[in-house]
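**Student:** The structure that follows is given in the form of structure tokens.
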Amino acid sequence: MQNAPRESSWRVQLQACMQIPKSRPYYTGWPHDRFVMSPAFFALIPAAGAGARAGSAVPKQYAPLLGKPMLLHTLAAFGAVPGIAAIHVVVSKEEAWLETLGGSAFPEHCQIHRVGGTTRAQSVLNGLKAIEAKPDDWVLVHDAARPCITPAMIEGLIAALKDDEVGGLLAIPVPDTVKRADSAGRVAETISREGLWLAQTPQMFRYGVLREALQRFPDVTDEAGAIERMGLKPKLVQGDARNIKATYPADFALAEAYLKAP
Ligand code: CTP
Ligand code: MG
């Protein structure tokens, strides 16, 4: 390889020792090598929902918060975590909003997959199938609609779980008194909040187990639910009340307030 560019030899060595895949068509730029750890940490961001409850003019993940689309706030937080090797975003097949954001706004190690499904779980499973990962790699699944996530929250989750057998999720203890309603909308019972937690994202599990779990149990509303159905016990990691999911119109003003003063 007399005429090969000098960098090719270091690239081969780096690929060999740092386990960087030989072809990485999903990276938007080169060079920008992150040191890919083994196991690697990937982010997977489901962003293929319609946002029906938010009632915004565009799907909520593209609605502006402080003048910037919600999805870009979410991606910026993951983009600022050095240990994340790649950020995979799942959007719906037909949507046209993505183009309006401009490619340069995305972190360079971000790849878009147009494989959204009819449910969140299906979008996540389709995303897992679209990415190149080893069974032991960690995947942090995070709702595009939780834009107030911070790098510190993500790093806290990774630190808490990187040596865990199963993985787990950010969650917060239920702060309010909980009531169960009867069919007439009256209180049927008060439920003790002892031991009750509200699940958030990111939810962090090994690629192989998570893929199998979602394949077998697609009727779940979060990744932990599928892992539980496999007979495993995800770890609850104390999250932050500011990591809200923008669901209803009123949530947008709250999200902006948190983004202003994180
Ligand atoms: N999501 C997805 N694919 C779906 C449904 C949801 O990727 N088929 C994503 C959303 O884009 C969001 C996250 O999953 O980032 C959490 O879902 P949710 O808050 O319920 O968003 P929507 O489904 O878009 O909202 P709604 O239920 O009000 O329609
Ligand atoms: Mg939904």
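Every read-out reported here was derived from the displayed coordinates using simple, explicitly stated rules and does not represent laboratory data. Keep in mind that what you see is a predicted model, and the values were worked out from it rather than measured. Backbone-built Cβ (ideal geometry, glycine too); neighbour counts: all protein chains shown.
**Student:** Please compare each pair in LYS134/LYS235; LYS129/LYS245; LYS68/LYS129; LYS134/LYS233; LYS179/LYS245; LYS93/LYS233 to a cut-off of 28 Å on the Cα-Cα distance and tell me which ones are over it.
**Tutor:** LYS68/LYS129; LYS93/LYS233
**Student:** Where in region 85-99 does the label zone of LYS129 land, with the point 7 angstrom along Cα→C-beta and an amide N cut-off under 17 Å?
**Tutor:** Of the residues in region 85-99, 89-94 have backbone N under 17 Å from the label point off LYS129.
**Student:** Next up: Roughly speaking, what is the stretch gain from ASP219 to GLU194, that is 0.36 nm per residue apart minus the C-alpha to C-alpha distance, in nm to one decimal?
**Tutor:** Net length gain for the segment: 6.3 nm.
**Student:** For GLU108 and ALA253, compute 0.36 nm times the residue count separating them, minus their Cα-Cα distance, and round to one decimal in nm.
**Tutor:** Fully extending the segment from GLU108 to ALA253 adds 49.3 nm.
**Student:** Among THR177, THR150, THR74, which one moves the most in a GNM of the chain with springs linking Cα atoms closer than 10 Å?
**Tutor:** THR177
**Student:** Another one. By how many nm would the segment from ALA181 to ALA52 grow when fully extended, if each residue of separation counts as 0.36 nm and the alpha-carbon distance is taken off?
**Tutor:** Numbers: separation 129, 0.36 × 129 = 46.44 nm, distance 2.43 nm.
Result: 44.0 nm gained on full extension.
**Student:** Give me, ordered by chain and number, the residues 5 or more places off LEU65 or on other chains with an amide H under 5 Å from its own placed amide H.
**Tutor:** For LEU65, whose amide H was placed from the backbone, the distant partners under 5 Å are MET70.
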